[in-house]
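The structure appears below as structure tokens.
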Protein chains: 2
Amino acid sequence: MAKRLYLDWNASAPLRSEAKAAMSASMELTGNASSVHAEGRAVRAAIEKARAQVASALGADGAEIVFTSGATEAAALACAGSDLHCAGIEHDAVASWCSVDLEVGAEGRVTVPEPERACLQLANSETGIVQELPAGLAVSDLTQGFGKLPVAFNWLGCQMGLVSAHKLGGPAGVGALVLRQGTDLSAQLKGGGQEMGRRAGTENLIGIAGFGAAAEAAASDLAAGRWEEVEAIRNCLESALEADCPDIISIGQGARRLPNTLCLVTPGWRGETQVMTMDLSGFAVSAGSACSSGKVTVSRVLQAMGFDDLAAGSALRVSIGPGIVREDVLRFAERFTAAWKRARARMK
Amino acid sequence: MAKRLYLDWNASAPLRSEAKAAMSASMELTGNASSVHAEGRAVRAAIEKARAQVASALGADGAEIVFTSGATEAAALACAGSDLHCAGIEHDAVASWCSVDLEVGAEGRVTVPEPERACLQLANSETGIVQELPAGLAVSDLTQGFGKLPVAFNWLGCQMGLVSAHKLGGPAGVGALVLRQGTDLSAQLKGGGQEMGRRAGTENLIGIAGFGAAAEAAASDLAAGRWEEVEAIRNCLESALEADCPDIISIGQGARRLPNTLCLVTPGWRGETQVMTMDLSGFAVSAGSACSSGKVTVSRVLQAMGFDDLAAGSALRVSIGPGIVREDVLRFAERFTAAWKRARARMK
């Protein structure tokens, strides 16, 4: 039996060996980072090392890195009560706190009339479409871009950024809010002075250590050109599908996209059916965002881009990363097109 | 050189081997618990296993366990906007959301006129003093009791409970809010259906797996009587100090206390000086709660109990756990009383 193939990196990337090693090492530390004794200071040092690693990987030296329990918490910290505007392609963790009224063009590009009152993602998790961030932007969700694209927070021109560890090979349950120094922001979790008073609660040492190591390794992969290889493999998959089944729509093909993402629409073949079919064939892929906790329905992102419910309910996301090779994606293409042909035949 | 001795278990307990093993095993899983494919379902299963372990250890079968990033987040979720009352001995993570106006008796016991509008801890982190929880209590902070005392949430009579993994040998940065089934509570982190809609955000798989394993091991230690041994060692330390230096005040000696905690007051010898002195001698102890992020000042808990600033600024907490033996605490007693005698001599 062929081994299973994990093609759902945008939902959660495989844990990097560097992250595992850093987490295992941090398991040997005992103590609370807020304690003043030697044990506490060692924990504090490990956290500060990770903070520097994340800042460096993110081009955010001098900015504040506030560790959170993930990008969802970072989004709440950045956006709640701030009267921001966003488009319908934003993740629910952002859109829940904003007026969802910014316009989305057919190619997925968002118009931002007032950047200082807006939240705009760097890259979309479902389509991979990359936005041009306007200068003066209040908040950018960098979750999907960080680790896959060269990102320099200090040059993006936005006030705050959201990032997540598990999208770049760190553990789930840890992320950060990045702030330009001097940004006014009050804590939502209270009761301790941690994270410079921005976020109370004993720090997730093990997760933070894993995040730091993963961010450093991700930046090193990017610098080594590994994501250009990923892009070539993704394009190879796209071409194979196109050649065999020209009726499969590849979303965002004309736009700037993440190097690893394909969003495929096969009108009439429901996304959840595709996921289950391919799962049984040994491939882990996804229909839209994973974050709706198992509820796979119609893609809100594609709807916001103007697709009808039939198309938005028939989308599949394939997202890959370093280590996935040409043979892997061609194997997927073969099984996927065969399944689509069968599904299409049943529809007639 | 004698090896360092970690006597600050209430700040953070050493990570249990069972937790390390569970975390290492969960590092081999790839995927997002919300994904419907096999990889996602395996992550989901690991999280649900941990949820059952925590529920069982906590005597909370049938109650809802909502995993959070720690007790601080659980406190915010339970208490924010709920117009609850508490006493000054509560942790800041609780007190920040409450009217701090409940009366504390000299022995540290809190009077609760309206339990359904109050938050009361099971045990105090600094003094170890255990409260009788009144029936119908809205929220109880079980953080310090869970794992050290037999606790059965279903019989405590409170609506919600807060717990933390790293106080019982799990990793820091994970905790839970426990709710009687059917409790009305809206999410504070939004943008995903995780945790039955109570708490959005991709789950901290590794931390949660460690919490589950640690909770199970803690319950097993309790059942095996290991905390009775801890209590005997603690009492041995208390007697040794009393015999050598009768002027050291041991707080809560007449009250029901956690089996592992000693809160010592040496009037005029500042807590932070004691911590630094003992740290240099190879002992990790603490002055008050660690959670004020390095700011060691006057104990708010002792102030709430009616101690003056001199006493409340001269408190030291020694907190131990299984594996600490008689020779360890006697070595501490010897060094501590010698240092106290020197400090006392300088004060004259």
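The values are calculated or read from the model by the stated rules, or taken from the named source; none is laboratory data. Note that this is a predicted model, so its numbers are computed, not measured. Neighbour counts are summed over all protein chains in view; Cβ atoms, including those assigned to glycine, are modelled from backbone coordinates with ideal geometry. Note: accessible area is taken over every heavy atom of the protein model, side chains too, but ligands, DNA and RNA are not part of it. Shrake-Rupley method; radii C 1.70, N 1.55, O 1.52, S 1.80 Å.
How far apart are the residue B:246 label points across copies, placing each 7 Å from Cα toward Cβ, in nm, shortest first?
Once sorted, the set of distances for residue B:246 reads 10.2 nm.
What number, in percent, do you get for the relative contact order of segment B:220-348 if the mean sequence gap of Cα pairs under 8 Å and at least 6 apart is divided by its residue count?
33 percent
Name the chain A residue nearest the rotation axis between A and B, going by Cβ position, and give the distance in whole Å.
Its Cβ sits closest to the axis: A:69, 2.
Leaving out ligands and nucleic acids, note down the accessible area per residue over the protein assembly as shown with a 1.4 angstrom probe, in whole Å².
Result: 36 Å² of accessible area for each residue.
Pull up all non-local amide H partners of residue B:283: gap of 5 or more, or a different chain, and H-to-H distance under 5 Å with H placed in the peptide plane.
B:5
Over chain B, what is the relative contact order in percent, taking alpha-carbon pairs closer than 8 angstrom and at least six residues apart?
22 percent
Along the charge dipole of chain B, pointing to its positive end and built from +1/-1 on Cβ of Lys, Arg, Asp and Glu, which listed residue (B:223, B:321, B:157) has its Cα farthest out?
The listed residue farthest towards the positive side: B:321.
Other chains' Cβ within 10 Å of A:277-284 residues: what's the mean?
Averaged over the peptide's residues, the number is 3.
Quick one: which bits of segment B:196-234 get at least 40 Å² less accessible when the partner protein chains are in, versus the chain alone, with a 1.4 Å probe?
Residues of segment B:196-234 that lose at least 40 Å² of accessible area once the other chains are added: B:202, B:204, B:206.
Return the value, in Å² to the nearest 100, of accessible area buried between chains A and B (probe 1.4 Å, both sides summed).
Chains A and B together bury roughly 4600 Å² of accessible area.
What's the magnitude of the charge dipole for segment B:203-348 around its Cα centre, counting Lys and Arg as +1 and Asp and Glu as -1 at the beta-carbon? Answer in Debye, nearest 20.
620 debye
Give the Rg/Rh ratio for chain B, taking Rg as the radius of gyration of the Cα atoms and Rh as the Kirkwood radius, to two decimals.
0.99
Order B:146, B:307, most accessible first, counting only protein heavy atoms with a 1.4 angstrom probe.
Reading off the accessible areas and sorting them downward yields B:307, B:146.
I want to verify the translational diffusion coefficient of segment B:142-253 in µm²/s; compute it with Stokes-Einstein, Rh as the Kirkwood radius over Cα pairs, at 25 °C and 0.890 mPa s.
Taking Rh from Cα pairs, D becomes 147 µm²/s.
Take peptide B:161-171, look around each residue's Cβ out to 10 angstrom, count Cβ atoms belonging to other protein chains, and average those counts.
Across the residues of B:161-171, the mean count of other-chain Cβ atoms within 10 Å is 2.
Once you charge only the Cβ atoms, +1 for Lys and Arg and -1 for Asp and Glu, what is the size of the charge dipole of chain B about its Cα centre, to the nearest 20 debye?
860 debye
List the residues whose amide H sits under 5 Å from the amide H of residue A:173, counting only those 5 or more places along or on another chain, with H placed 1.01 Å from N in the peptide plane.
Correct list: A:166.
Any chance you could check segment B:67-82 for residues losing 30 Å² or more of accessible area when the partner protein chains are in, compared with the chain on its own (1.4 Å probe)?
Listed in order, they are B:69, B:72.
About its Cα centre, how strong a charge dipole does the protein assembly as shown have in debye, to the nearest 20, once Lys and Arg get +1 and Asp and Glu get -1 at the Cβ?
Computed charge dipole of the protein assembly as shown: roughly 1160 debye.
On average, how many beta carbons from a partner chain sit within 10 Å of the beta carbon of a residue in A:181-194?
5
If each label sits 7 angstrom from Cα along the C-beta direction, how far apart, in nm, is residue B:132 from its counterparts in the other copies?
7.2
Too long at a 29 Å Cα-Cα cut-off: which of A:20/B:148; A:49/A:167; A:148/A:341; B:3/B:148; A:190/B:190; A:49/B:20?
A:20/B:148; A:148/A:341
Per DSSP H run of at least 4 residues, take -39500 (n - 2.57); add these up for chain B, divide by its residues and hand me the 222 nm value, nearest 500 deg cm²/dmol.
Calculated at 222 nm, the ellipticity per residue is -11000 deg cm²/dmol.
Output, in nm with one decimal and in ascending order, the distances from the residue B:99 label point to the matching label points of the other copies (7 Å from Cα along Cα-to-Cβ).
3.6
Can you tell me the relative contact order of segment A:17-223? Whole percent, Cα pairs under 8 Å, sequence separation 6 or more.
Result for segment A:17-223 is 28 percent.
Probe radius 1.4 Å, ligands and nucleic acids ignored: give me the carbon and sulfur share of the accessible area of segment B:17-223 as a rounded percent.
Whole-percent figure for carbon plus sulfur exposure: 51.
Give me the three principal axis extents of the protein assembly as shown from the C-alpha atoms, as integers in angstrom, largest value leading.
Over the protein assembly as shown, Cα extents along the principal axes are 90, 48, 47 Å.
Give the Rg/Rh ratio for segment A:17-223, taking Rg as the radius of gyration of the Cα atoms and Rh as the Kirkwood radius, to two decimals.
Across segment A:17-223, the Cα-based Rg/Rh ratio is 0.98.
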